[in-house]
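Here is the structure we will look at.
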Amino acid sequence: MAKRKKEEQKGFGKLLDAWTPPADAGAPIGCAATSFTFSSAFFEEECLSRFLALETDPTEDGPLYLIEREEKLSPIVCACAIVDQHHCKGPRSLRWDLLPARLSRGILHAKMSLLVWSNVVRLVITSANLTEDGYRRNLEVFGIFDYREGGQLPSRVLHDAVDFLRLCANHSQMETQPASQPLNRIHALLDRVARTPVSWGQSDEEGLRKGATAYLVTVQPDRPHALDSLVRLWPGYAPPTDAHVVSPFFDPPESPNRPARELWQCMRKRGSAQVSFYLEKSKTHDEKVHVRAPESLLYVQPSGRPGVETHIRGIDLDAIRSLHAKEITLHDDRWCLQMIGSSNFTSAGLGIPTARNLEANVAFLVDSKKQPKTAEALRYSLPPSVALKRGDIQWLTSVQNEDEATADLLPLPEAFVAATYMNDEKECAHVVLSIAGDPPSGWAVFSEHDEPLLTERNWADSKPSGTATIDWVPVRPPSGFWVSWEGTNGRAWWPVNVESSRSLPPPDELKSLSLDILIDILSSARPLYRVLGDYLKRQHGNGPTSPPPELADPHKRVDTSQFLLQRTRRVSWALCALRERLERPVATEEGLNWRLYGPVGVRAVMTALLKEGHSPEEKAFLLSELALELARVRPLSAPGCLPGERIKDAIRGMIAELREATATNLDGGMSNLNTYVREVFEAVLA
């Protein structure tokens, strides 16, 4: 009961719930997220599973999870994680892209997620990394913006977030190189969001008239530092009187503590003013209170001025939780301006004096006279704390700085541009390594299992083209490669991304499905993974074990399912269902490709008919029936979905492919049937 009460406490929530679509979200279109530290398994199995509304579990459902994930990831525009290059690694499905943010000086420290469904665009800005600790254990802070038709949220926040995500993504490769396919995919998603109608939000002016709005506050090169941005957003005639700071990390104790000095510059210069720091605390053996911060926080306030105070408040967390939230709140008797996000109270985190990191925060501005309940709600984001007496505090003599945390990996040199997995079905799968400029001497590329793939010595033959092609025999595509070079003790990780989702092999359970199972899938209203689940149970003998009842009627003992008339009737039902599926609105080109070329799409049906048809005549006849159904497709329109003409064009290309496959089955057949089939294709392609 105690745990439940804590979860229901005002100001507390589950961050993973932010990845769950609202009831009116519609179909998933794509998502892009940034993080400093990263867990690929957590992102794939927890975040993406919720975003896609998967019903299966990777640990309990095995192949069914893979099938459902394949079905729901294939149609989306893009699923991408942009991670700082020092932590960008991990085994994963290539159905989603992993891009390393390769900053020359600072780090990618922002934690932002953009989740796009057909009816809702959700922006999540948080202090939490995409890890188990970030989402389940640490004390974090987050804000959620849901944009939909008729919404009242500030439009500028969404469009500024799109620009910031472009900046982060563009740091994944050299500016002089052509954009990689993963980069093109994320730009396609961001372009789609950038076209969000004006009616989905409101202007800053409209929000201020109502008493509440928000702004994106980023830290990036050639921009004001975060505290300067807050000063510019402050609307009062006089500076704020109170400030509250929550941060787990600070500048080293021996530093001049520029963030604290800059904060006091933001405060009112006359009269009373106070700053409160909320610090993680623990008891020491002599009953002193140990706090994770430098004592210099106390000594930067203006001297010789009455009414100026610095307060220290302690946050008591249990042994398995750590403070990781970052928050700065400024207020007076009317206005409240609260910034939450990724910026620690450090010089690097706030961009003081000049920015090196990429940080993302959101600032909420509330007029407490117009919106008293909203202003009161902002206070709940401050963690529960107690006032500490200065004489009881023991300060840390050294302070860990997350902004310069020990890296898991060496930065990947810029010369290693992109590693791309390709498979054009006709040739064997291969990986293309793109290398530009001059890599460090003595470099070598190794597989995930440390098998040598490419070295500086055998690169000489490929150098003129700038690419090296490595045949990939294993069924599972690689998640990435190790890169080493002379003069280093560590290694860098080179993530592999896919050229196109059509290059990826489907799960074994979806390969070369028989005509019977395709008919069952197409004729069923149930999800693909459920139909296949029943099929797999029957295949492995896990279905009903009791023998079928004895049939007394001798006519019923005859299996007519393979008779031509019965077989044609069953195929016709399936083709009609296939047409109905093609008529449903589809939001993305990837979704259209899945319907046409996926393992349960039109091409799969064509392949099964050619493989299992009892005679050339039957094959030709059934393929012509498939062409007729495709010609009858009348795509339905819906907001945010592909236009009907685009779908018809793609279907016409599929019908042409059917005619080519049919031609080989007409030679020497029945003349009447040949005439009928040719007339069908002439009519549908006219």
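Each reported figure results from applying straightforward, stated rules to the coordinates on display, with no laboratory input. The shown structure was predicted, so the numbers you read here are calculated from the model rather than taken from an experiment. Here the Cβ is made from the backbone with ideal geometry for all residues, glycine too, and neighbour counts use every protein chain on show.
For this structure, a couple of remarks:
- Taking the stretch 7-202 and dividing mean pair separation by its residue count, relative contact order in percent (alpha carbons under 8 Å, at least six apart): 25
- Reference-scaled alpha-carbon Rg (2.2 N^0.38 Å with N residues) for the stretch 102-239: 1.16
- Dipole of the stretch 416-503, positive direction: furthest Cα of Gly490, Trp443, Cys428, with charges on the beta-carbon: Gly490
- Charged side chains reduced to their Cβ positions (Lys and Arg at +1, Asp and Glu at -1) give the chain a dipole of some 2040 debye around its Cα centre.
- Ellipticity estimate at 222 nm from DSSP helix runs (n ≥ 4, -39,500 (n - 2.57)) divided over the chain, nearest 500: -8500 deg cm²/dmol
- Panel order for Leu596, Leu636, by other beta carbons found within 10 Å of each beta carbon, from fewest to most: Leu636, Leu596.
- Spin-label pair Asp461-Glu580: with each label point 7 Å from Cα along the Cα-Cβ axis, the two points sit 5.7 nm from one another.
- Protection-proxy order for peptides 104-111, 256-263, 568-575, each taking the mean of Cβ atoms within 10 Å per residue, highest first: 104-111, 256-263, 568-575
- Taking the stretch 416-503 and dividing mean pair separation by its residue count, relative contact order in percent (alpha carbons under 8 Å, at least six apart): 36
- Ascending count of other beta-carbon atoms within 10 Å, so fewest first, for Tyr529, Tyr65: Tyr65, Tyr529
- Mean separation of Cα pairs under 8 Å and 6 or more residues apart, divided by the residue count, gives the chain a relative contact order of 13 percent.
- Calculated FRET efficiency for the pair Arg136/Ser572, C-beta based, R₀ 56 Å, to 0.05: 0.65
- Mean Cβ count within 10 Å, highest first, over the residues of peptides 463-471, 295-303, 81-89: 81-89, 295-303, 463-471
- For the stretch 7-202: rounded, prolate or oblate by the Cα gyration tensor [a/c cutoff 1.5]: rounded
- Identified option (computed log10 I(q)/I(0) by the Debye sum over Cα atoms at q = 0.06, 0.12 Å⁻¹; candidates (1) -0.52, -1.38; (2) -0.44, -1.31; (3) -0.36, -1.36): (2)
- Between the listed residues Trp395, Leu114, Leu165, the Cα displaced farthest toward the positive end of the dipole of the chain, a dipole computed from Cβ unit charges relative to the Cα centre, is found at Trp395.
- With θ taken as phi - 60° and the Karplus curve 6.51 cos²θ - 1.76 cosθ + 1.60 applied, the whole-hertz 3J(HN,Hα) list for the stretch 446-462 is 10, 6, 4, 9, 6, 8, x, 10, 7, 10, 4, 5, 8, 6, 3, 5, 9 Hz, x standing for glycine and proline.
- Here the stretch 567-645 is treated with +1 on each Lys and Arg Cβ and -1 on each Asp and Glu Cβ, and its dipole about the Cα centre works out to around 240 debye.
- DSSP bridge analysis restricted to the chain gives an antiparallel fraction near 65%, rounded to the nearest 5.
- Angle in degrees between helix 155-170 and the longest Cα principal axis of the chain, rounded to the nearest 10: 80
- Gained length - Arg321 relative to Ala656, 0.36 nm times residue gap less alpha-carbon distance: 114.5 nm
- Principal-axis tilt of helix 616-631 within the chain, Cα atoms, nearest 10 degrees: 50
- Dipole of the chain computed with +1 at Lys/Arg Cβ and -1 at Asp/Glu Cβ about the Cα centre; of Pro253, Leu98, Val571, farthest Cα towards the positive end is Pro253.
- Residues with amide H under 5 Å from that of Phe481, placed H, sequence gap 5 or more: Trp494, Val496
- Length released on extending from Ala238 to Ser199, taking residue separation times 0.36 nm less the Cα-Cα span: 10.6 nm
- For the stretch 607-613, 3J(HN,Hα) per residue [Karplus equation, 6.51 cos²θ - 1.76 cosθ + 1.60, θ = phi - 60°, Hz, x = Gly/Pro]: 4, 5, 5, 5, 6, 10, x
- Using the Cβ of Leu578 as centre and a radius below 12 Å, the other residues enclosed give a net charge of +2, where K and R count +1 and D and E count -1.
- Other-chain or far-sequence residues with amide H under 5 Å of Ser118's (modelled H): Ala27, Ile29
- Modelled FRET efficiency - R0 41 Å, Arg646 with Lys370, Cβ distances, 0.05 increments: 0.30
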